[in-house]
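Colleague: Please see the structure below; I have some questions.
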Amino acid sequence: MSVVETVLLAIWIMLPAYLPNSAAVIFGGGTPVDLGREWRGARLLGDGKTWRGSIGGAASGFVLALILNEALAAEPVPAYLPEFELLAALGLAVGAILGDMGASFLKRRTGRERGAPFPGVDQLDFAVGAFAVTALLAPSWFFEHVVDLGVLVVIVVVTPALHLSANFIGYKIGVKDEPW
Ligand code: CTP
Ligand code: MG
């Protein structure tokens, strides 16, 4: 596969994992996932992780995967772009939300307030979560399409750039409180 093909494949695979956290900003608000509970002197997750944001975000990523599958069936797209098995779509979308939640858990444990930056973790938490849950739910799809050195290198390089750009746009248009 050429470099361009590898980049396109990596972005394609990650689209259902990229959308959930941006969509969570739009859907977010209301009851926090941790219901306000504290643990060891700090919130378990904090007010930045809500049920509406988490469910709306994960559902958005899942629906995007279904739309991409429809596009595969309808348009003459390159053969190397894989269809998303339903469990892979679920794993990428739910895993992205869970990875971001895991990072909030770590932030609260390390004394970081809601919205405080955690460089590196903020940019890759959702990718790690998406991979972990997809590997569990759809192991053969995961090993066939994601476990490839070129694809993984592109994801690790491109993901932080896409994440920072999306958050910066969200901040500029006023839906996000911080530019990271
Ligand atoms: N959001 C949500 N539910 C999630 C993730 C995000 O409701 N599972 C919404 C919240 O309104 C949140 C906003 O999206 O404030 C931005 O998300 P994020 O930057 O992840 O949260 P922070 O407020 O920065 O909180 P934290 O420090 O815990 O990351
Ligand atoms: Mg934040």
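The values are calculated or read from the model by the stated rules, or taken from the named source; none is laboratory data. As the structure is a computational prediction, the values presented were derived from the model and not from experiment. Cβ atoms come from the backbone with ideal geometry, glycine included; neighbour counts cover every protein chain shown. Surface areas here come from the heavy atoms of the whole protein model, side chains and all, with no ligands, DNA or RNA. Shrake-Rupley method; radii C 1.70, N 1.55, O 1.52, S 1.80 Å.
Colleague: Say we join alpha carbon atoms closer than 10 Å with springs in a Gaussian network model of the chain; which of Thr31, Thr134, Thr159 then has the biggest fluctuation?
Modeller: Most flexible of the set in this elastic network: Thr31.
Colleague: For the chain, what % of the accessible area comes from carbon and sulfur atoms, probe 1.4 Å?
Modeller: Working: 6450 of 9410 Å².
For the chain, the apolar C and S fraction of the accessible surface comes to 68 percent.
Colleague: Could you identify which residue out of Gly28, Gly41, Gly53 has the top mean-square fluctuation in a GNM of the chain using Cα springs shorter than 10 Å?
Modeller: Ranking Gly28, Gly41, Gly53 by mean-square fluctuation puts Gly41 first.
Colleague: Dipole of segment 3-172 (Lys/Arg Cβ +1, Asp/Glu Cβ -1, origin at the Cα centre): which of Phe142, Pro78, Leu98 lies farthest to the positive side?
Modeller: Most positive-ward Cα: Leu98.
Colleague: Still on this structure, please answer the following. Can you list the HN-Hα couplings for segment 155-172, worked out from phi with the Karplus curve (6.51, -1.76, 1.60; θ = phi - 60°), rounded to whole Hz and with x for Gly and Pro?
Modeller: 4, 5, 7, 7, 4, x, 5, 5, 4, 5, 5, 4, 5, 5, 5, x, 5, 5
Colleague: So how much slack lies between Arg109 and Glu144, counting 0.36 nm per residue of separation and subtracting their Cα-Cα distance, in nm?
Modeller: Values: separation 35, 0.36 × 35 = 12.60 nm, distance 3.60 nm.
Answer, rounded to one decimal: 9.0 nm.
Colleague: Dipole of the chain, Cα-centred, from +1 at each Lys and Arg C-beta and -1 at each Asp and Glu C-beta, to the nearest 20 debye?
Modeller: Details: 12 positive and 16 negative charges, 186 e Å.
Dipole magnitude for the chain comes out near 900 debye.
Colleague: Running a GNM on the chain with Cα contacts under 10 Å, which residue among Ser140, Ser54, Ser22 ends up with the highest mean-square fluctuation?
Modeller: Looking only at Ser140, Ser54, Ser22, the biggest GNM fluctuation is shown by Ser140.
Colleague: Applying 1/(1 + (r/R0)^6) with R0 = 25 Å to the Cβ-Cβ distance of Val3 and Trp180, what FRET efficiency is obtained, to the nearest 0.05?
Modeller: Numbers: r = 29 Å, r/R0 = 1.14.
Calculated transfer efficiency: 0.30.
Colleague: Rounded to the nearest 0.05, what FRET efficiency do Ile67 and Ser165 give with R0 = 22 Å and r taken as the Cβ-Cβ distance? Could you check? Walk me through the intermediate numbers first.
Modeller: Numbers: r = 22 Å, r/R0 = 0.98.
Calculated transfer efficiency: 0.55.
Colleague: Once both labels are modelled 7 Å past Cα along the beta-carbon direction, what's the Arg52-Val157 spacing in nm?
Modeller: Modelled inter-label distance: 4.0 nm.
Colleague: Straight-line reach from Lys107: which lysines fall under 20 Å, measuring Cα to Cα and dropping same-chain residues less than 8 apart?
Modeller: By straight Cα distance, Lys107 reaches Lys49, Lys176.
Colleague: Right, next: Check which residues have an amide H placed less than 5 Å from Thr50's amide H, if you skip close sequence neighbours.
Modeller: Close amide H contacts, sequence-distant or interchain: Gly29, Val33.
Colleague: Give me the one-decimal nm value for the distance between modelled label points at Glu38 and Ala79, 7 Å along each residue's Cα-to-Cβ direction.
Modeller: 6.1
Colleague: Here's a follow-up. What whole-number value in cubic angstrom gives the convex hull volume per residue for the C-alpha atoms of the chain?
Modeller: Details: hull volume 21.0 nm³, N = 180.
Convex hull of Cα atoms, per residue: 116 Å³.
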